[in-house]
Amino acid sequence: MNRKDEHVELAEAFYHERQTDHYDAIKFVHHSFPTVNQADVSLATSFAGLDFSTPFFINGMTGGSEKTYKINQDLATVARETGLAMASGSVSAGIKHPETAPSFEIIRQTNPNGKVFANLGPEHPLENYLRAVDILKADALQIHVNAPQELVMPEGERVFETWLNNIEKTVQSVGVPVIVKEVGFGMSRQTIMKLQQAGVQTIDVSGNGGTNFLKIENARREHQEFAFAEDWGQSTAISLLEGSTLTNSVELIASGGIRNPYDIVKSLALGAKAAGLSGHFLHLVLNEGVEATIAEVERWKNSIQTMMTLLSAKSVADLTASDVILMDPLKTWCEARQIN
Ligand code: FNR
């Protein structure tokens with residue numbers, strides 16, 4: 001089976017095994033007198049130099065096959081009807097095999113005026129990034145870093161020392177904002193600082209707890225690598241805490257295991273500019289269809305507005321002033337890493 005189709009199939013097969021309980025360890029202190037009215041709450045946010053009406057989006061997933069053409073078309077329809085931004089999956093396939101480019105182009109064709117991000121790994125020459133942006137007429141470029149996934153794939157990358165340099169050069173030359181993202185293994189403070197030094201302004205920490213690419217890659221082969229360490233990486237909540245002292249100078253995005261509007265609001269309170277969801281949107285379009293997914297997105301917007309009212313936050317930025325209590329395991333992690 002085509003690798004992209006297999007990723008979709010396995011992500012969906014493991015959907016109910018997601019373990020995002022770290023979000024449950026974030027508690028808000030309830031105060032009985034909200035100081036804002038619900039109608040005055042704005043969901044608007046901005047990152048990567050772009051403005052968005054909603055603080056969550058459809059994160060990078062797929063493209064590169066007939067089946068994923070339809071998935072991208074469905075996701076792009078949801079994005080168009082709800083105003084959500086949407087990222088494609090890695091456009092590598094569309095560049096190497098131009099006959100598959102339509103499965104990416106369909107995103108822009110379906111949603112001509114929406115915010116669209118192209119996606120590619122960190123090892124490409126500049127012309128490939130330019131091509132990826134052009135295929136999607138993208139507003140921004142996501143570069144994904146996925147060392148654990150590459151190492152588990154027999155055909156995967158084995159040379160990593162060039163990645164950061166290549167990212168730095170691309171940021172300078174590609175002509176659109178660059179978002180560097182993990183793919184479900186999270187980030188450390190050191191990683192975020194390295195990216196910042198390389199000139200990256202916007203970083204999607206994409207932590208573990210949701211779609212698990214070690215599990216997915218292991219399921220694709222008989223001889224499993226690393227199966228004993230499928231919990232590798234930091235959760236999204238921990239990754240946001242790792243970056244929390246840097247949010248004055250860098251924009252963080254939360255993704256990885258976001259389950260509901262509550263997780264989104266918690267992410268924003270920890271300093272994220274927005275939250276990205278992949279596995280959940282895939283699950284919705286595959287199982288519920290486009291119309292039901294659109295309805296769910298609209299309910300989520302409403303729920304976020306309700307929670308922001310309860311937290312007396314007129315804006316996404318106001319949420320960072322919320323009274324947040326961190327329970328274990330987050331508390332112990334913060335103590336060990338001297339995060340306060
Ligand atoms: C992904 N993800 C991903 N990320 C990326 O940067 N490029 C890619 O091509 C893909 N491909 C891909 C395929 C499928 C089927 C899924 C479900 C996911 C990773 C994705 O963007 C995200 O980082 C992780 O999935 C964690 O978020 P969720 O799924 O837990 O919300």
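The values are calculated or read from the model by the stated rules, or taken from the named source; none is laboratory data. Here the structure is a predicted model, which means the values were calculated and not measured. Positions of Cβ are backbone-derived with ideal geometry, glycine not excepted, and every protein chain shown enters the neighbour counts.
Just checking, which of Val145, Val178, Val133 is surrounded by 17 or more Cβ atoms within 10 Å (Cβ to Cβ), among the β-branched types (Val, Ile, Thr) and over 16 Å from the mean Cα position of the chain (by Cα)? Working first, answer last.
Values: Val145 fails: over 16 Å from the mean Cα position of the chain (by Cα); Val178 fails: over 16 Å from the mean Cα position of the chain (by Cα).
Being surrounded by 17 or more Cβ atoms within 10 Å (Cβ to Cβ), among the β-branched types (Val, Ile, Thr) and over 16 Å from the mean Cα position of the chain (by Cα) holds for just one of Val145, Val178, Val133, which is Val133.
So, in the range 111-130, how many residues would count as being touching a helix residue (DSSP H, G or I) at 6+ places or on another chain (Cβ under 6 Å), surrounded by fewer than 21 Cβ atoms within 10 Å (Cβ to Cβ) and within 24 Å of His7 (Cα to Cα)?
Quick first cut of the range 111-130, residues touching a helix residue (DSSP H, G or I) at 6+ places or on another chain (Cβ under 6 Å) only: 111, 114, 116, 118, 120, 122, 126, 128-129.
From what is left, the residues that are surrounded by fewer than 21 Cβ atoms within 10 Å (Cβ to Cβ) are 114, 122, 126, 128.
From the residues that got through so far, the ones that are within 24 Å of His7 (Cα to Cα) too are 122, 128.
So the count comes out to 2.
Please give the helices (runs of 4 or more DSSP H) falling wholly within the range 137-209 in which 1 or more residues are touching a residue at least 24 places away in the same chain (Cβ under 8 Å) and near the ligand (Cβ under 10 Å from one of its atoms).
Numbers: elements: 147-152, 163-173, 189-197.
By residue number, 147-152.
Taking the stated definitions as given, is Ala219 within 16 Å of the ligand (Cβ to nearest atom), at pLDDT below 95 and among the small types (Gly, Ala, Ser)? Write out each step before concluding.
Values: within 16 Å of the ligand (Cβ to nearest atom): yes; at pLDDT below 95: yes; among the small types (Gly, Ala, Ser): yes.
In short, yes.
State whether the residues of the range 35-48 include one that is within 16 Å of the ligand (Cβ to nearest atom) and within 16 Å of Leu136 (Cβ to Cβ).
There is at least one residue in the range 35-48 that is within 16 Å of the ligand (Cβ to nearest atom) and within 16 Å of Leu136 (Cβ to Cβ).
Which residue pairs have Cβ atoms under 6 Å apart, sit 6 or more places apart or on different chains, and have a first residue in the range 254-267 that is under 18 Å from Ile203 (Cα atoms) and in contact (Cβ under 8 Å) with a residue 24 or more places away in the chain and a second that is assigned to a loop (DSSP other than H, G, I, E, B) and of a type outside the set (Gly, Ala, Ser)?
Correct list of pairs: Ser255/Asn59; Gly257/Arg18; Gly257/Thr20.
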